[in-house]
(Lines give C-alpha, C1' and ligand atoms only; values in the text may rest on other atoms or scores of the structure.)
Protein backbone atom coordinates (compact mmCIF):
# COMPACT_ATOMS: atom_id res chain seq x y z
CA UNK A 1 0.00 0.00 0.00
CA UNK A 2 2.81 2.41 0.93
CA UNK A 3 4.64 1.61 -2.28
CA UNK A 4 1.46 2.24 -4.30
CA UNK A 5 0.99 5.67 -2.70
CA UNK A 6 4.64 6.53 -3.35
CA UNK A 7 4.21 5.56 -6.98
CA UNK A 8 1.12 7.78 -7.28
CA UNK A 9 2.91 10.81 -5.82
CA UNK A 10 5.72 10.37 -8.32
CA UNK A 11 3.26 11.25 -11.08
CA UNK A 12 3.32 15.05 -11.79
CA UNK A 13 -0.27 14.98 -13.03
CA UNK A 14 -1.52 13.24 -9.90
CA UNK A 15 0.39 15.63 -7.63
CA UNK A 16 -0.91 18.71 -9.47
CA UNK A 17 -4.48 17.45 -9.36
CA UNK A 18 -4.11 16.46 -5.71
CA UNK A 19 -2.85 19.95 -4.75
CA UNK A 20 -5.80 21.65 -6.48
CA UNK A 21 -8.27 19.26 -4.87
CA UNK A 22 -6.62 19.72 -1.44
CA UNK A 23 -6.96 23.51 -1.71
CA UNK A 24 -10.65 23.25 -2.59
CA UNK A 25 -11.18 20.74 0.23
CA UNK A 26 -9.41 23.00 2.75
CA UNK A 27 -11.62 25.94 1.77
CA UNK A 28 -14.71 23.74 2.13
CA UNK A 29 -13.62 22.62 5.62
CA UNK A 30 -11.79 25.58 7.16
CA UNK A 31 -14.03 28.48 6.12
CA UNK A 32 -17.25 26.93 7.52
CA UNK A 33 -15.31 25.88 10.66
CA UNK A 34 -14.05 29.40 11.44
CA UNK A 35 -17.03 31.32 10.08
CA UNK A 36 -20.11 30.54 12.16
CA UNK A 37 -22.34 32.77 10.01
CA UNK A 38 -25.28 31.20 8.22
CA UNK A 39 -24.19 30.87 4.57
CA UNK A 40 -27.74 31.55 3.39
CA UNK A 41 -28.33 34.55 5.66
CA UNK A 42 -29.06 37.81 3.81
CA UNK A 43 -26.19 40.25 4.37
CA UNK A 44 -27.21 42.89 1.83
CA UNK A 45 -30.20 44.16 -0.10
CA UNK A 46 -29.08 43.06 -3.56
CA UNK A 47 -26.23 41.70 -5.67
CA UNK A 48 -23.31 43.92 -4.64
CA UNK A 49 -19.83 43.76 -6.18
CA UNK A 50 -16.80 42.49 -4.20
CA UNK A 51 -15.16 44.95 -1.83
CA UNK A 52 -15.21 46.44 1.64
CA UNK A 53 -18.31 48.37 2.66
CA UNK A 54 -18.27 50.77 5.60
CA UNK A 55 -20.82 52.93 7.35
CA UNK A 56 -21.20 56.36 5.74
CA UNK A 57 -22.32 57.79 9.08
CA UNK A 58 -19.13 56.54 10.71
CA UNK A 59 -17.05 57.90 7.84
CA UNK A 60 -18.58 61.35 8.33
CA UNK A 61 -17.76 61.31 12.02
CA UNK A 62 -14.24 59.92 11.52
CA UNK A 63 -11.12 62.07 11.61
CA UNK A 64 -10.60 64.18 8.47
CA UNK A 65 -7.34 64.53 6.54
CA UNK A 66 -6.46 67.03 3.80
CA UNK A 67 -4.47 65.48 0.97
CA UNK A 68 -2.89 67.27 -1.96
CA UNK A 69 -4.60 65.51 -4.83
CA UNK A 70 -6.36 66.54 -8.02
CA UNK A 71 -9.66 65.02 -7.01
CA UNK A 72 -11.61 66.02 -10.11
CA UNK A 73 -9.13 64.48 -12.55
CA UNK A 74 -9.07 61.26 -10.54
CA UNK A 75 -12.87 61.10 -10.50
CA UNK A 76 -13.09 61.68 -14.26
CA UNK A 77 -10.38 59.08 -14.93
CA UNK A 78 -12.36 56.52 -12.94
CA UNK A 79 -15.76 57.53 -14.36
CA UNK A 80 -14.95 57.85 -18.06
CA UNK A 81 -14.27 54.59 -19.83
CA UNK A 82 -12.15 54.41 -22.97
CA UNK A 83 -15.35 53.78 -24.93
CA UNK A 84 -16.85 57.01 -23.54
CA UNK A 85 -13.73 58.99 -24.47
CA UNK A 86 -13.68 57.56 -28.00
CA UNK A 87 -17.37 58.40 -28.49
CA UNK A 88 -16.87 61.96 -27.23
CA UNK A 89 -13.84 62.49 -29.50
CA UNK A 90 -15.81 61.10 -32.44
CA UNK A 91 -18.68 63.56 -31.83
CA UNK A 92 -16.32 66.53 -31.40
CA UNK A 93 -14.50 65.78 -34.66
CA UNK A 94 -17.62 64.95 -36.72
CA UNK A 95 -20.20 67.39 -35.38
CA UNK A 96 -18.31 69.90 -33.24
CA UNK A 97 -15.96 71.14 -35.98
CA UNK A 98 -12.96 70.45 -33.74
CA UNK A 99 -9.58 69.14 -34.79
CA UNK A 100 -8.48 66.06 -32.87
CA UNK A 101 -5.19 67.79 -32.02
CA UNK A 102 -7.14 70.53 -30.17
CA UNK A 103 -8.71 68.08 -27.69
CA UNK A 104 -6.91 68.21 -24.29
CA UNK A 105 -5.35 65.08 -22.86
CA UNK A 106 -5.94 65.99 -19.19
CA UNK A 107 -9.16 64.41 -17.87
CA UNK A 108 -10.62 67.53 -16.25
CA UNK A 109 -9.68 69.79 -19.15
CA UNK A 110 -11.14 67.25 -21.56
CA UNK A 111 -14.48 67.27 -19.70
CA UNK A 112 -14.59 71.08 -19.60
CA UNK A 113 -13.75 71.19 -23.31
CA UNK A 114 -16.56 68.71 -24.02
CA UNK A 115 -19.18 70.65 -22.05
CA UNK A 116 -18.19 73.91 -23.77
CA UNK A 117 -18.40 72.41 -27.26
CA UNK A 118 -21.23 69.91 -26.97
CA UNK A 119 -24.58 71.09 -28.34
CA UNK A 120 -27.80 69.12 -27.96
CA UNK A 121 -29.04 69.70 -31.50
CA UNK A 122 -30.67 67.57 -34.15
CA UNK A 123 -27.96 65.85 -36.15
CA UNK A 124 -28.72 63.78 -39.22
CA UNK A 125 -27.42 60.23 -39.03
CA UNK A 126 -27.28 60.07 -35.21
CA UNK A 127 -29.65 57.52 -33.69
CA UNK A 128 -31.96 58.37 -30.80
CA UNK A 129 -30.14 55.90 -28.54
CA UNK A 130 -26.83 57.65 -29.24
CA UNK A 131 -28.41 61.07 -28.60
CA UNK A 132 -29.74 59.89 -25.24
CA UNK A 133 -26.31 58.49 -24.42
CA UNK A 134 -24.61 61.84 -25.04
CA UNK A 135 -27.28 63.73 -23.04
CA UNK A 136 -26.97 61.49 -19.99
CA UNK A 137 -23.18 61.53 -20.15
CA UNK A 138 -23.08 65.32 -20.38
CA UNK A 139 -25.50 65.75 -17.45
CA UNK A 140 -23.42 63.37 -15.35
CA UNK A 141 -20.14 65.16 -16.12
CA UNK A 142 -21.69 68.59 -15.50
CA UNK A 143 -22.83 67.47 -12.05
CA UNK A 144 -19.34 66.18 -11.26
CA UNK A 145 -17.81 69.55 -12.21
CA UNK A 146 -20.03 71.39 -9.77
CA UNK A 147 -18.24 70.40 -6.60
CA UNK A 148 -18.53 72.19 -3.31
CA UNK A 149 -18.26 71.50 0.39
CA UNK A 150 -20.95 69.25 1.88
CA UNK A 151 -22.95 70.72 4.74
CA UNK A 152 -24.74 68.40 7.14
CA UNK A 153 -27.71 70.12 8.73
CA UNK A 154 -29.88 69.25 11.68
CA UNK A 155 -33.09 70.59 13.13
CA UNK A 156 -32.86 73.08 15.97
CA UNK A 157 -34.90 71.62 18.87
CA UNK A 158 -36.09 75.09 19.93
CA UNK A 159 -36.90 76.86 16.66
CA UNK A 160 -37.26 73.89 14.33
CA UNK A 161 -34.97 75.56 11.80
CA UNK A 162 -32.16 73.76 10.03
CA UNK A 163 -28.73 74.57 11.40
CA UNK A 164 -25.27 73.48 10.29
CA UNK A 165 -24.03 70.58 12.38
CA UNK A 166 -21.04 69.40 10.37
CA UNK A 167 -19.15 70.39 7.26
CA UNK A 168 -17.13 68.19 4.95
CA UNK A 169 -14.68 70.00 2.72
CA UNK A 170 -14.35 68.79 -0.86
CA UNK A 171 -10.71 67.79 -0.41
CA UNK A 172 -11.30 66.00 2.90
CA UNK A 173 -10.25 62.37 3.25
CA UNK A 174 -10.58 59.78 5.98
CA UNK A 175 -8.57 56.67 6.75
CA UNK A 176 -10.63 53.50 6.36
CA UNK A 177 -9.00 52.16 9.52
CA UNK A 178 -10.74 54.95 11.43
CA UNK A 179 -14.14 53.63 10.31
CA UNK A 180 -15.17 51.01 12.85
CA UNK A 181 -18.31 49.60 11.21
CA UNK A 182 -17.40 47.85 7.96
CA UNK A 183 -18.03 44.62 6.13
CA UNK A 184 -15.86 42.89 3.53
CA UNK A 185 -17.34 40.69 0.82
CA UNK A 186 -14.46 38.88 -0.92
CA UNK A 187 -16.69 37.75 -3.78
CA UNK A 188 -19.52 40.23 -3.31
CA UNK A 189 -23.09 39.14 -2.65
CA UNK A 190 -25.49 37.09 -4.74
CA UNK A 191 -28.94 38.15 -5.93
CA UNK A 192 -30.36 37.27 -2.50
CA UNK A 193 -27.80 39.49 -0.75
CA UNK A 194 -25.85 36.55 0.70
CA UNK A 195 -22.07 36.53 1.17
CA UNK A 196 -20.90 34.81 -2.01
CA UNK A 197 -17.56 33.58 -0.61
CA UNK A 198 -19.04 31.97 2.52
CA UNK A 199 -21.88 30.49 0.49
CA UNK A 200 -19.46 29.15 -2.13
CA UNK A 201 -17.22 27.42 0.43
CA UNK A 202 -20.24 25.72 2.00
CA UNK A 203 -21.51 24.78 -1.48
CA UNK A 204 -18.18 23.17 -2.42
CA UNK A 205 -18.34 21.08 0.75
CA UNK A 206 -21.94 20.04 0.12
CA UNK A 207 -21.23 19.13 -3.52
CA UNK A 208 -18.19 17.09 -2.48
CA UNK A 209 -20.28 15.21 0.10
CA UNK A 210 -22.94 14.53 -2.52
CA UNK A 211 -20.28 13.43 -5.01
CA UNK A 212 -18.71 11.16 -2.39
CA UNK A 213 -22.08 9.58 -1.59
CA UNK A 214 -23.04 9.08 -5.25
CA UNK A 215 -19.55 7.85 -6.14
CA UNK A 216 -19.56 5.34 -3.30
CA UNK A 217 -22.96 3.96 -4.27
CA UNK A 218 -22.10 3.72 -7.98
CA UNK A 219 -18.70 2.14 -7.29
CA UNK A 220 -20.10 -0.47 -4.86
CA UNK A 221 -22.90 -1.47 -7.24
CA UNK A 222 -20.54 -1.57 -10.21
CA UNK A 223 -17.89 -3.50 -8.26
CA UNK A 224 -20.29 -6.17 -6.98
CA UNK A 225 -21.99 -6.70 -10.34
CA UNK A 226 -18.66 -6.67 -12.21
CA UNK A 227 -17.07 -9.20 -9.85
CA UNK A 228 -20.05 -11.57 -10.04
CA UNK A 229 -20.40 -11.25 -13.80
CA UNK A 230 -16.71 -11.66 -14.56
CA UNK A 231 -16.01 -14.51 -12.12
CA UNK A 232 -19.15 -16.63 -12.31
CA UNK A 233 -19.82 -16.27 -16.04
CA UNK A 234 -22.61 -18.33 -17.57
CA UNK A 235 -26.21 -17.29 -17.08
CA UNK A 236 -25.30 -14.91 -14.25
CA UNK A 237 -22.95 -13.10 -16.62
CA UNK A 238 -25.60 -13.00 -19.35
CA UNK A 239 -28.21 -11.50 -17.02
CA UNK A 240 -25.87 -8.85 -15.62
CA UNK A 241 -24.54 -7.95 -19.07
CA UNK A 242 -28.13 -7.65 -20.36
CA UNK A 243 -29.10 -5.31 -17.51
CA UNK A 244 -25.89 -3.30 -17.94
CA UNK A 245 -26.45 -2.94 -21.69
CA UNK A 246 -30.03 -1.91 -21.05
CA UNK A 247 -28.91 0.88 -18.74
CA UNK A 248 -26.10 1.81 -21.13
CA UNK A 249 -28.47 2.29 -24.06
CA UNK A 250 -30.54 4.77 -22.05
CA UNK A 251 -28.25 7.72 -21.13
CA UNK A 252 -27.78 7.88 -17.37
CA UNK A 253 -28.49 11.60 -17.29
CA UNK A 254 -31.89 11.03 -18.90
CA UNK A 255 -32.65 8.46 -16.18
CA UNK A 256 -31.56 10.93 -13.50
CA UNK A 257 -33.86 13.61 -14.95
CA UNK A 258 -36.84 11.22 -15.13
CA UNK A 259 -36.35 9.93 -11.58
CA UNK A 260 -35.76 13.41 -10.13
CA UNK A 261 -38.83 14.74 -11.93
CA UNK A 262 -40.96 11.93 -10.53
CA UNK A 263 -39.87 12.65 -6.95
CA UNK A 264 -41.85 15.24 -5.05
CA UNK A 265 -39.92 18.51 -4.82
CA UNK A 266 -40.26 18.76 -1.04
CA UNK A 267 -38.61 15.33 -0.65
CA UNK A 268 -35.81 15.99 -3.12
CA UNK A 269 -33.00 16.82 -0.71
CA UNK A 270 -29.22 16.59 -1.03
CA UNK A 271 -29.12 13.00 0.26
CA UNK A 272 -31.85 11.74 -2.10
CA UNK A 273 -30.33 13.42 -5.16
CA UNK A 274 -26.97 11.85 -4.30
CA UNK A 275 -28.60 8.40 -4.05
CA UNK A 276 -30.42 8.90 -7.38
CA UNK A 277 -27.20 9.90 -9.16
CA UNK A 278 -25.27 6.99 -7.63
CA UNK A 279 -27.97 4.43 -8.41
CA UNK A 280 -27.96 5.35 -12.13
CA UNK A 281 -24.21 5.76 -12.76
CA UNK A 282 -22.76 2.30 -12.15
CA UNK A 283 -22.83 0.82 -15.68
CA UNK A 284 -19.38 1.70 -16.99
CA UNK A 285 -17.80 0.69 -13.65
CA UNK A 286 -19.46 -2.73 -13.99
CA UNK A 287 -18.17 -3.19 -17.54
CA UNK A 288 -14.65 -2.13 -16.56
CA UNK A 289 -14.49 -4.40 -13.50
CA UNK A 290 -15.98 -7.33 -15.44
CA UNK A 291 -13.33 -7.12 -18.16
CA UNK A 292 -10.56 -7.06 -15.54
CA UNK A 293 -12.00 -10.04 -13.62
CA UNK A 294 -12.37 -12.12 -16.80
CA UNK A 295 -8.63 -11.69 -17.43
CA UNK A 296 -7.85 -12.78 -13.85
CA UNK A 297 -10.25 -15.65 -13.16
CA UNK A 298 -8.14 -18.29 -14.88
CA UNK A 299 -4.80 -17.22 -13.42
CA UNK A 300 -2.76 -19.89 -11.61
CA UNK A 301 -3.21 -18.40 -8.14
CA UNK A 302 -7.01 -18.29 -8.61
CA UNK A 303 -7.10 -21.89 -9.82
CA UNK A 304 -5.01 -22.94 -6.82
CA UNK A 305 -7.55 -21.29 -4.52
CA UNK A 306 -10.36 -23.15 -6.26
CA UNK A 307 -8.55 -26.48 -5.87
CA UNK A 308 -7.92 -25.67 -2.20
CA UNK A 309 -11.68 -25.42 -1.69
CA UNK A 310 -11.72 -21.73 -0.77
CA UNK A 311 -15.11 -20.03 -0.79
CA UNK A 312 -16.27 -17.67 -3.53
CA UNK A 313 -16.05 -14.66 -1.21
CA UNK A 314 -12.49 -15.49 -0.17
CA UNK A 315 -11.32 -16.02 -3.76
CA UNK A 316 -12.91 -12.76 -4.92
CA UNK A 317 -11.64 -10.61 -2.04
CA UNK A 318 -8.19 -12.19 -1.60
CA UNK A 319 -7.16 -13.38 -5.05
CA UNK A 320 -8.94 -11.04 -7.48
CA UNK A 321 -9.85 -7.76 -5.79
CA UNK A 322 -6.27 -6.77 -4.79
CA UNK A 323 -5.24 -6.96 -8.45
CA UNK A 324 -7.99 -4.59 -9.61
CA UNK A 325 -7.92 -2.27 -6.58
CA UNK A 326 -6.13 0.49 -8.53
CA UNK A 327 -8.81 0.42 -11.24
CA UNK A 328 -11.55 0.54 -8.61
CA UNK A 329 -9.92 3.62 -7.04
CA UNK A 330 -9.71 5.32 -10.44
CA UNK A 331 -13.35 4.45 -11.13
CA UNK A 332 -14.33 5.86 -7.73
CA UNK A 333 -12.53 9.16 -8.45
CA UNK A 334 -14.27 9.50 -11.81
CA UNK A 335 -17.63 8.67 -10.25
CA UNK A 336 -17.22 11.53 -7.76
CA UNK A 337 -16.37 13.96 -10.55
CA UNK A 338 -19.29 12.78 -12.70
CA UNK A 339 -21.70 13.04 -9.76
CA UNK A 340 -20.73 16.67 -9.03
CA UNK A 341 -21.22 17.59 -12.69
CA UNK A 342 -24.52 15.70 -12.82
CA UNK A 343 -25.83 17.60 -9.78
CA UNK A 344 -24.84 20.90 -11.41
CA UNK A 345 -26.69 19.94 -14.59
CA UNK A 346 -29.76 18.82 -12.65
CA UNK A 347 -29.87 22.02 -10.63
CA UNK A 348 -29.55 24.13 -13.76
CA UNK A 349 -32.71 22.40 -15.00
CA UNK A 350 -34.45 23.05 -11.68
CA UNK A 351 -34.41 19.37 -10.71
CA UNK A 352 -31.63 19.53 -8.13
CA UNK A 353 -31.93 19.48 -4.35
CA UNK A 354 -34.87 21.52 -3.08
CA UNK A 355 -33.45 23.01 0.10
CA UNK A 356 -33.27 26.33 1.91
CA UNK A 357 -30.71 25.16 4.47
CA UNK A 358 -27.64 24.38 2.38
CA UNK A 359 -26.27 25.42 -1.00
CA UNK A 360 -24.64 23.34 -3.72
CA UNK A 361 -22.59 24.49 -6.68
CA UNK A 362 -25.44 23.61 -9.01
CA UNK A 363 -28.01 25.52 -6.95
CA UNK A 364 -25.78 28.60 -6.90
CA UNK A 365 -25.58 28.48 -10.69
CA UNK A 366 -29.34 28.07 -10.89
CA UNK A 367 -29.91 31.11 -8.64
CA UNK A 368 -27.44 33.20 -10.66
CA UNK A 369 -29.08 32.26 -13.97
CA UNK A 370 -32.58 32.89 -12.59
CA UNK A 371 -31.53 36.42 -11.62
CA UNK A 372 -29.95 36.95 -15.08
CA UNK A 373 -26.68 38.04 -13.51
CA UNK A 374 -24.66 37.38 -16.73
CA UNK A 375 -26.84 39.88 -18.61
CA UNK A 376 -26.43 42.39 -15.79
CA UNK A 377 -22.63 42.04 -15.85
CA UNK A 378 -22.57 40.74 -12.27
CA UNK A 379 -19.74 38.28 -12.91
CA UNK A 380 -19.07 37.63 -9.21
CA UNK A 381 -22.44 35.88 -8.87
CA UNK A 382 -21.66 33.09 -11.35
CA UNK A 383 -18.00 33.10 -12.45
CA UNK A 384 -16.53 31.87 -9.10
CA UNK A 385 -19.07 29.02 -9.12
CA UNK A 386 -18.11 28.00 -12.67
CA UNK A 387 -14.42 28.14 -11.75
CA UNK A 388 -15.04 26.04 -8.61
CA UNK A 389 -16.92 23.34 -10.56
CA UNK A 390 -14.18 23.32 -13.20
CA UNK A 391 -11.37 23.12 -10.63
CA UNK A 392 -12.96 20.25 -8.70
CA UNK A 393 -13.74 18.24 -11.86
CA UNK A 394 -10.35 19.06 -13.40
CA UNK A 395 -8.40 18.08 -10.28
CA UNK A 396 -10.22 14.75 -9.93
CA UNK A 397 -9.78 13.89 -13.60
CA UNK A 398 -6.11 14.89 -13.44
CA UNK A 399 -5.59 12.63 -10.42
CA UNK A 400 -7.27 9.80 -12.31
CA UNK A 401 -5.03 10.36 -15.35
CA UNK A 402 -1.96 10.34 -13.10
CA UNK A 403 -3.02 7.07 -11.51
CA UNK A 404 -3.71 5.57 -14.92
CA UNK A 405 -0.17 6.41 -16.01
CA UNK A 406 1.20 4.77 -12.86
CA UNK A 407 -0.84 1.55 -12.96
CA UNK A 408 -1.37 1.06 -16.68
CA UNK A 409 1.78 -0.60 -18.13
CA UNK A 410 0.93 0.59 -21.65
CA UNK A 411 1.09 4.25 -20.56
CA UNK A 412 4.32 4.06 -18.58
CA UNK A 413 7.38 5.81 -19.98
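The values are calculated or read from the model by the stated rules, or taken from the named source; none is laboratory data. Note that this is a predicted model, so its numbers are computed, not measured. Virtual Cβ from ideal backbone geometry, glycine too; neighbours counted across all protein chains shown.
For segment 240-266, give me each residue that is more than 15 Å from residue 279 (Cα to Cα), modelled with pLDDT under 80 and surrounded by 11 or more Cβ atoms within 10 Å (Cβ to Cβ).
Across segment 240-266, the qualifying residues are 261, 265.
What number of residues within segment 140-157 are loosely packed, with under 10 Cβ neighbours inside 10 Å and either within 42 Å of the chain's Cα centre (by Cα) or modelled with pLDDT of 80 or more (or both)?
Qualifying residue count for the region: 1.
What number of residues in segment 38-67 are surrounded by 11 or more Cβ atoms within 10 Å (Cβ to Cβ), over 26 Å from residue 173 (Cβ atoms) and out of contact with any helix residue (DSSP H, G or I) (no Cβ under 6 Å at 6 or more places or on another chain)?
6
Run down 223, 271 and say which single residue is part of a helix (DSSP H, G or I) and within 28 Å of the chain's Cα centre (by Cα).
None of the other options fit; the residue is 271.
Looking only at segment 289-306, filter to residues that are out of contact with any helix residue (DSSP H, G or I) (no Cβ under 6 Å at 6 or more places or on another chain) and in a helix (DSSP H, G or I); which one of those is modelled with the highest pLDDT?
291
Does any residue of segment 336-356 turn out to be in a loop (DSSP other than H, G, I, E, B), free of Cβ contacts under 8 Å to residues at least 24 places away in the same chain and surrounded by fewer than 21 Cβ atoms within 10 Å (Cβ to Cβ)?
Checking segment 336-356: at least one residue is in a loop (DSSP other than H, G, I, E, B), free of Cβ contacts under 8 Å to residues at least 24 places away in the same chain and surrounded by fewer than 21 Cβ atoms within 10 Å (Cβ to Cβ).
Looking at segment 72-155, what helices (runs of 4 or more DSSP H) fall wholly within it and have at least 1 residues that are under 19 Å from residue 171 (Cα atoms) and touching a residue at least 12 places away in the same chain (Cβ under 8 Å)? Show your work before the answer.
Working: elements: 82-95, 107-117, 128-145.
Result: 107-117, 128-145.
Of the residues 80, 30, 25, which is over 23 Å from residue 199 (Cα atoms) and either modelled with pLDDT of 85 or more or not assigned by TED's automatic domain parsing to the domain that holds residue 212 (or both)?
The unique qualifying residue is 80.
Would you call residue 184 part of a strand (DSSP E or B) and either touching a residue at least 24 places away in the same chain (Cβ under 8 Å) or touching a strand residue (DSSP E or B) at 6+ places or on another chain (Cβ under 8 Å) (or both)?
Working: part of a strand (DSSP E or B): yes; either touching a residue at least 24 places away in the same chain (Cβ under 8 Å) or touching a strand residue (DSSP E or B) at 6+ places or on another chain (Cβ under 8 Å) (or both): yes.
Considered against the rule, which asks whether it is part of a strand (DSSP E or B) and either touching a residue at least 24 places away in the same chain (Cβ under 8 Å) or touching a strand residue (DSSP E or B) at 6+ places or on another chain (Cβ under 8 Å) (or both), residue 184 comes out as yes.
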